[in-house]
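The values are calculated or read from the model by the stated rules, or taken from the named source; none is laboratory data. Please read these numbers as outputs of a predicted model, since none were measured by experiment. Positions of Cβ are generated from backbone atoms using ideal geometry, with glycine treated the same way; all protein chains shown enter the neighbour counts.
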Amino acid sequence: MTGTLYRLTAHELCDAYKSGKTTPSQAVSSCLDRINAVDSKLKAFVDVWKDYAVDQAQASDDRWAKGAPKGPLDGVPIGLKDVLCTKQGFTTCCSKILRGYRSPFDATVVERLLNAGAIPVGKLNMDEFAMGSSTENSSVQVTRNPWNLRCVPGGSSGGSAAAVAADECAITLGSDTGGSIRQPAACCGCVGLKPTYGRVSRYGLVAFASSLDQIGPFTKDAHDMALVMNVISGRDPHDATSADVPVPDYTKALRADVSDLTVGLPKEYFTDALGQEMREKIEAAVKVFEKSGAKVIEVSLPHTDYAVAVYYIVCTAEASANLARFDGVRYGYRAPNAVSVEDMYHRSKSEGYGPEVQRRIMLGTYVLSSGYYDAYYLKAQKARALIRRDFTNAFQKCDVILTPTAPTPAFEIGAKTADPLEMYLSDIYTISVNLAGIPGLSIPCGLTASKLPAGLQILGKPFGEETLLRAAYTYEQKRGFTLGQPPIS
C-alpha cells in the first residue's frame, strides 16, 4: 500500500491512520517519492521541504499512535502557493524582485493548517504575483499540465492545480483574483474553490488586488474540500476584511441530494463563444442535476459583457498601489550600481518585475492618474456594482448557478503569450465572481476528445459554500464516471 499512498484523498489517509493501516511518515514518504519521480517533468514545485516534512510526519506518527491527532488533517501532505507567507522556506511570489525573501510569520491559513496537523511539503509555482492564466509568467519555470505536458496547467495557481492532479500531495492552497483557482482546477481536472470574499483570512497573502483576492483550496474531491474549509474559514482579527460570520461544519453538507435546489443557467454564458465540445460537457452535467431532482431554469446576468473590462481596470489599479511597496529599499531585489535613489527605484523595478507585472502596473497607474480616474476607475466601480446586482437578482430565482469554468480546455504552452487580450479571455467565465464577491467552485465534468479535462463551475450566494459543496458532492456521486489517472502517472 505504501507505494500508492500518494493517490489517496485526505479523508482516506486519515481513515488509514486511524485504523493503523499506514502512518503519516509512510504517506509523506510516498508523496516525496512521487515528487521526485514526476516533478522534473511537471515543474509544479519551486521549493520542496523534505527534511521539514519528514520531521513533522514523525511527530504526527506519535500523535496517531496515542490516539490523539492534532486536528482533522493531521498527517496529510499539502502544498502551498508561493504567494502565501511562510516562516519555513522562501516566499517569492515567483518574482525576481522577492527572490531569497524569508517571511518572519506564517499566513493565517498556513497557521490554521499547521494547527490542524497538516504537513506542508513545499511551495508551488505560480504566475508572478498571481498575474496570469497559464503559469508561464513565473520567473522560475513553466509548470506543465499532467494530462498533456505540452499544455499549460492554467493560472495563476498552476503549480497548485498540477500538484493535486498529479498526486504530488493531497491538498494544496492557491489564491483567486479573477479565476486563478477555478480555471487551473478545470484545466488539470481537480476540484477548486474560491470562497466568498471575507470567508477566509487574507492575512499573509501577498496582495495583488485586495478587493478581489481570496485564498482557497485545491482537492481531489468534495469531501476533502469540506475538510479543509472547516479548518481555514472564519474571522481573523489580523484581517479587517474577514467576515464575522459563523462557520458551519461543511462535512455535514455532503449529502447526495439536490431535489430541493433550483439551478440557474445564465443565458449570457451559453453563446457562440463557448465551443461545442465544452457546451456538450456542461449540458451533460446539467442533465445529472435534473435526473437528481433539481429544477433547472434560465437566468440572466445582463452586464456580463462588461466584466473583463471592469476587472482589468480594478485589478490593475489595485496592483499598482499594492506593488509600490517593492521598491528595493527595505527588502527584496535591489539593482546594483545605482547612481541615485531615483535610478535605484527605476532599475530595481525594471529588472525585478517581469513583463506582465510591468504591464499591469502601468495600466493601473494610468487609470488612477489625474484626468483619467473618473473616466476609467470610477466608471468601472459603478459597473462592478451592476454586476454584483445581477447576481443578487439571479439568486432570488435560484439556489446555484451552473456555467462553464473556462471556454476551452488547456491550451498549448506559448499559444497565447503573444496576445495578452486572448490570454485575459481565458478567465471570461470566472472574473464576474470575484467582482461580485460570491463563492465559486470548479469540478471536473469529463474529458474532451483531446483527453484534456473540462470544468463545471458552480456559483452560490454569499457565504453559501455549504450549498456549493452539496451540489458538487451530489454531482460526484451521480455523474457515473471518474477522470482516471493523467498520463504523467
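Here are a few things to note about the model shown:
- When the range 322-350 is limited to residues that are surrounded by fewer than 16 Cβ atoms within 10 Å (Cβ to Cβ) and small (G, A, S), the one that is nearest to the chain's Cα centre (by Cα) turns out to be A324.
- Qualifying positions in the range 97-143 - of a type in the set (K, R) and buried (at least 24 other Cβ atoms within 10 Å of the Cβ): K123
- Of all residues in the range 252-306 being over 25 Å from the mean Cα position of the chain (by Cα) and modelled with pLDDT under 95, the one that is surrounded by the most Cβ atoms within 10 Å (Cβ to Cβ): T271
- Residue count for the range 389-431, restricted to those that are within 19 Å of the chain's Cα centre (by Cα) and part of a loop (DSSP other than H, G, I, E, B): 10.
- Note on the range 86-96: residues that are out of contact with any Cys (no Cβ under 6 Å at 6 or more places or on another chain) and either at positive phi or crowded, with 21+ Cβ neighbours inside 10 Å (or both) amount to 6.
- Matching residues in the range 416-446 - criterion: being touching a residue at least 60 places away in the same chain (Cβ under 8 Å), among the aliphatic types (A, V, I, L, M) and surrounded by fewer than 20 Cβ atoms within 10 Å (Cβ to Cβ): L425
- Cβ-Cβ distances below 9 Å connect the following pairs, each with a first residue in the range 18-36 that is in the same structural domain as P77 (by TED's automatic domain parsing) and touching a residue at least 40 places away in the same chain (Cβ under 8 Å), a second residue that is surrounded by fewer than 22 Cβ atoms within 10 Å (Cβ to Cβ) and of a type in the set (S, T, Y), and a separation of six or more residues or different chains: A27/T2.
- Scanning the range 59-112 for residues that are in a loop (DSSP other than H, G, I, E, B), over 20 Å from T135 (Cα atoms) and of a type in the set (F, W, Y) returns Y101, F105.
- Just so you know, in the range 36-49 the residues that are of a type in the set (A, V, I, L, M) and under 20 Å from the mean Cα position of the chain (by Cα) include one that is surrounded by the fewest Cβ atoms within 10 Å (Cβ to Cβ), and it is V48.
- Among residues of the range 287-327, those that are over 22 Å from I431 (Cα atoms), assigned to a helix (DSSP H, G or I) and of a type outside the set (F, W, Y), counted: 6
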